[in-house]
Each structure stands twice: as structure tokens, then as C-alpha cells.
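Here's the structure we're looking at; comments come further down.
Please treat every number below as a calculation from the coordinates, not as lab data. Keep in mind it's a predicted model, so treat the numbers as computed, not measured. Cβ atoms come from the backbone with ideal geometry, glycine included; neighbour counts cover every protein chain shown.
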Amino acid sequence: MSKTQNLMIAVSKGRILAESLPLLAGLDIRPLEDPALTRKLILETTQPGIKLVIVRATDVPTYVEYGAADMGIVGKDVLLEYGGKGLYEPLDLKIARCRMVLAGPKKEQQINRRLRVATKYTRTTRDYFATQGKQVEIIKLYGSMELAPILGLADRIVDLVDTGNTLKANGLVPLETITDISSRLIVNTAAMKMKHEQIKPMLERLARQVGQ
């Protein structure tokens, strides 16, 4: 690799982190401690000067946009909702794949008012219905979306679906796929210029790994 000086890579916790580690290992970047066994949030790696910072998914774009991290790995769902401008999105890493769907009860009931949709993806949901010329009432929730239709809080939900088993277990079915989701590599705009010699080879090697 080229010079490895002071490069911070922000990675979402959980599934994305687990699926990112083999890709990073392909760049000879391996954390010196097992992320699953340490409480540390900043991890030294086998490449001097390159560190991993482990943060909540929704915070990854913020760390990258404001330069606290030079690069990040985060789901497209988060990027759609974030809408920031201070970052590049050069690569689809094709990991942590799932779908963002509109879902509702199997037995559809007649609704004589504006449709209520529960989601944590309020921006994406609003944009989706706007493209259809529909106005809906969006109710922001942070988890357990499937409860909203069961308890009468909402008529539909917008959420991520992998196997669909959770929807099925709660009497819901996918009605429409809004978009396919995977994890993306993002880069701070200033870092892309200032650390180009270091970042460009990494992007090229990652692109080869994921077949781009």
C-alpha cells in the first residue's frame, strides 16, 4: 500500500462491521483487537496510522462529512435519510444487503382518512409517496415497526426486510419494494483531495474485490 498516515475509517456497528472486516482484510487492514470482545470504539489496525472507529450507523455520515473520519462504511438506507453533501459515495460494497419495503396487514381494511405510515425513514418515505403524488401522515418510530399496525397506530410501515420472517410473524406482508439496500463506502470530500494518494489505491483494490 501507499503511505498510511492518519486515516480514520468509521464503520457501522453490527452486521455491517462483521461483513466489512473481510473486505478490509483484503486491504491488509485488520483490527489488532477483536471488535466483538473489546469495549474500545477506536481500534488500531495492522496498518500504522489507519484506525477504525466503531459508531452507530446513523452517525457514520456525520463523522465523515465533518472530517472526524476520512472514510466510512454505512448502509444506503442511512445515506438516503441523511442527505448530506460533504461526502462522496464511490463504491457499492454489496454487503449487508436487504430491501426497504412498504408493508401492511395481510387483510387490508378500508381507510377513510389520510394513510398513516410508521417508519424511522421519514425523509425517504415522504419522497417515495411524493413521487406518487400521495400525501400521507408519517409517524416516526425508532424500532419495532411491526407493532404499529397491530396496535392501530399506523396503517402501513416502511422498514428494512431481509428474510421477511419478522413481518410474517406479526401478520404483515411486503406490499411494495421502495429500494434495494446495501452498504456503501463514503469518503470525506476534503480527505479525497488531501489524502488522494492514500485513498485512491484503497478504492481501486476494494472495487476489484466487489467486482466493480
* Determine the principal axes of the Cα atoms in the stretch 83-169, then give the extent along each, sorted from largest to smallest and rounded to whole angstroms. => 44, 30, 21
* To do: Could you work out, for the stretch 12-111, what percent of all Cα-Cα pairs fall into each 10 Å distance bin, beginning at 0 Å and stopping at the bin that holds the largest distance?
  => 13, 42, 27, 9, 6, 2, 0
* Structure fact -> One would report the antiparallel percent of DSSP beta bridges in the stretch 1-57, rounded to the nearest 5, as 40
* Structure fact -> For Lys134, the aspartates and glutamates lying under 16 Å Cα to Cα, once residues fewer than eight places off in the same chain are dropped, come out as Asp155, Glu176
* If you average the sequence gap of Cα pairs under 8 Å that are 6 or more apart and divide by the length of the chain, what percent do you get for the contact order? -> 28
* Cα Rg, Dmax (largest Cα-Cα span) when computed across the stretch 1-54, Å -> 10.4, 30
* When the helix-only estimate is applied to the chain (DSSP H runs of n ≥ 4, each -39,500 (n - 2.57), divided by the residue count), what is the mean residue ellipticity at 222 nm, nearest 500 deg cm²/dmol? -> -8000 deg cm²/dmol
* Structure fact -> Here the relative contact order (percent) of the stretch 98-180, from C-alpha pairs under 8 Å and at least 6 apart, is 50
* Charge dipole (debye, nearest 20) of the stretch 98-180; +1 at Cβ of Lys and Arg, -1 at Cβ of Asp and Glu -> 260
* **Of Lys76/Lys140; Lys13/Lys51; Lys40/Lys200, those spanning more than 21 Å from alpha-carbon to alpha-carbon** => Lys40/Lys200
* Across all directions of projection, what mean area in square nanometres is found for the Cα convex hull of the stretch 83-126? -> 5.2
* Asked: Dipole of the stretch 98-180 (Lys/Arg Cβ +1, Asp/Glu Cβ -1, origin at the Cα centre): which of Met100, Ser144, Asn165 lies farthest to the positive side?
  -> Ser144
* To do: About the Cα centre of the chain, how large is the charge dipole given +1 on each Lys and Arg Cβ and -1 on each Asp and Glu Cβ? Please answer in debye to the nearest 20.
  => 300
* To do: Determine the gain in length on full extension of the stretch Thr46-Asp34; use 0.36 nm per residue of separation and subtract their C-alpha separation, reporting nm with one decimal.
  => 3.1 nm
* How big is the antiparallel share of DSSP beta bridges in the stretch 98-180, given as a percent to the nearest 5? -> 65
* Would you mind ranking Met194, Met145, Met8 so that the residue whose beta carbon has the fewest other beta carbons within 10 Å leads the list? => Met194, Met8, Met145
